[in-house]
Amino acid sequence: MANTHNVSEFIFLGLSPNQEVQRVCFVIFLFLYTAIVLGNFLIVVTVMSSRSLGSPMYFFLSYLSFVEICYSSTTAPKLISDLLAERKTISLWGCMTQLFFIHFFGGTEMFLLTMMAYDRYVAICKPLNYTAIMNWQVCAVLVGIAWVGGFVHSFAQVLLIFHLPFCGPNVIDHYFCDLLPLLKLACSDTFRIGLLIVANGGALSVMSFVVLLASYVVILLHLRIRSSEGRRKALSTCGSHVTVVILFFGPCIFIYLRPSATLPVDKMVAMFYTVVTPLVNPVIYSLRNAEVKKAMKRLWTRTMKLAEK
């Protein structure tokens, strides 16, 4: 524990050492982060204010959008400010805090996506029992499990890293504090810690991804007995979920199933689950969903009428 505190801060190398590139990236990521916050916040407000979006599917969607805002906010503001800074530093405790919240919200998102797939499975495969199975008490419990699961996952990850001795090197070749770059800086054998990280983060990603794919396979098989209109509507909804799942889980599995080494491409891959997925989530769920688009139009109309008064 004492050795851990020999390093009081870490230095990020960031995305690029070129100042011109950093200034361009500052504009790009400031725009992207603003779009993430506004887009996901719009979904949260739309679901909360619309009676037509009162089903469990939209209940989970609003929580997912809220988690996306929180998730991107753990890395994006620091990244944006560092793009204008000559020396990109973060304290030891700041690093551990960032690491905790990245995996807390990331783990919560994994569980939420899994529960959204379960909700679609019940809605499509057991439509007559849907309201009985997915009542509001069950939905609240499932969301609570997602938050608790994310906390337990993140706490275990931070506990593993925090007890490593950081006694010298403090330069992180990344734009935020994450497991692999920190393992690389530890001045001790990290093989066992790496296996535990795989068992926690990597295995959780793979298991969640397999469960999600299996649920959608069952849904697709069940759709064979539906009418063409029913298949079209169900496939549209499930297609949105599958797109988000692939964009989020693919990079996570690539990163967290190999904790023994870092690759130059890791920073670009991390962009997918820290920036791209939170950005495309509102686009996918709003543009591919007629009910959400109608609710947004009604919200806009009510807002304009209030503004005129």
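The values are calculated or read from the model by the stated rules, or taken from the named source; none is laboratory data. Remember, predicted model here, so these are calculated numbers, not experimental data. Here Cβ is always computed from backbone atoms with ideal geometry, including for glycine, and neighbour counts include all displayed protein chains. Surface areas here come from the heavy atoms of the whole protein model, side chains and all, with no ligands, DNA or RNA. Shrake-Rupley method; radii C 1.70, N 1.55, O 1.52, S 1.80 Å.
Across the options THR108, GLY149, ALA290, the greatest Cα extent toward the positive end of the charge dipole of the chain (unit charges at beta carbon of Lys, Arg, Asp, Glu) belongs to ALA290. Here each label is just a point 7 Å from Cα along the line to Cβ, and for VAL276 and PHE41 those points are 2.6 nm apart.
Solvent-accessible surface of region 9-308, averaged per residue with a 1.4 angstrom probe and all protein chains in place: 47 square angstrom. Membrane-span-like helices in the chain, defined here as complete DSSP H runs extending at least 24 Å along the helix axis by their C-alpha atoms with mean Kyte-Doolittle hydropathy no lower than -1.0, are 19-49, 56-73, 92-125, 136-162, 203-222, 228-256, 290-308; this is a sequence and geometry rule, not a statement about a membrane. Would you mind telling me the share, in percent, of accessible area of region 9-308 contributed by carbon and sulfur at probe 1.4 angstrom? Carbon with sulfur: 71 percent of the solvent-accessible area. The overall shape of region 162-204 is oblate: from the C-alpha gyration tensor, with semi-axes ordered a ≥ b ≥ c, the ratio a/c is 1.5 or greater and a/b is no larger than b/c. Extension gain, ASN6 to MET268: 0.36 nm times the residue separation minus the Cα-Cα distance gives 91.3 nm. Solvent exposure of PHE191, expressed as accessible area, is near 130 Å², computed with a probe of 1.4 Å over the protein chains only.
Net charge near THR277, counting Lys/Arg +1 and Asp/Glu -1 over other residues with Cβ under 14 Å of its Cβ? Within the 14 Å Cβ shell, the charges total -2. Overall, the chain carries a charge dipole of about 1400 debye about its Cα centre when +1 sits on the Cβ of Lys and Arg and -1 on the Cβ of Asp and Glu, all other atoms neutral. A dipole drawn for the chain from +1 and -1 charges on Cβ atoms has a positive end, and of LEU213, PRO127, LEU183 the residue lying farthest that way is PRO127. Across all directions, the average flat footprint of the convex hull enclosing the Cα atoms of region 6-111 is 7.9 nm². If you take the beta carbon distance between LEU159 and GLN137 as r and set R0 to 41 Å, what does 1/(1 + (r/R0)^6) give as a FRET efficiency, to the nearest 0.05? The formula returns an efficiency of 0.80 here. Only lysine pairs 8 or more places apart, or on different chains, with alpha-carbon atoms under 20 angstrom apart are counted in the chain, and they number 12. Counted by Cβ distance under 15 Å from LEU112, the other residues give a net charge of -2, where Lys and Arg count +1 and Asp and Glu count -1. Charged neighbours of PHE248, selected by a Cβ distance under 12 Å, balance to -2 (K, R count +1; D, E count -1).
Under a point-charge model restricted to the Cβ atoms of Lys and Arg (+1) and Asp and Glu (-1), what is the dipole moment magnitude of region 51-172 relative to its Cα centre, in debye to the nearest 20?
140 debye
Given 0.36 nm per residue, what is the gain on full extension from SER188 to VAL21 after removing their alpha carbon distance, in nm? List each step's numbers first, then the result.
On the way: separation 167, 0.36 × 167 = 60.12 nm, distance 3.56 nm.
The SER188-VAL21 span can extend by a further 56.6 nm.
May I ask you to derive the FRET efficiency for THR303 and TYR130 from their Cβ-Cβ distance with R0 = 25 Å, giving the value to the nearest 0.05? With a Förster radius of 25 Å, E is 0.20. Taking the alpha carbon gyration tensor of region 9-308, multiplying each eigenvalue by 5 and rooting it gives semi-axes of 36, 24, 16 Å, largest first.
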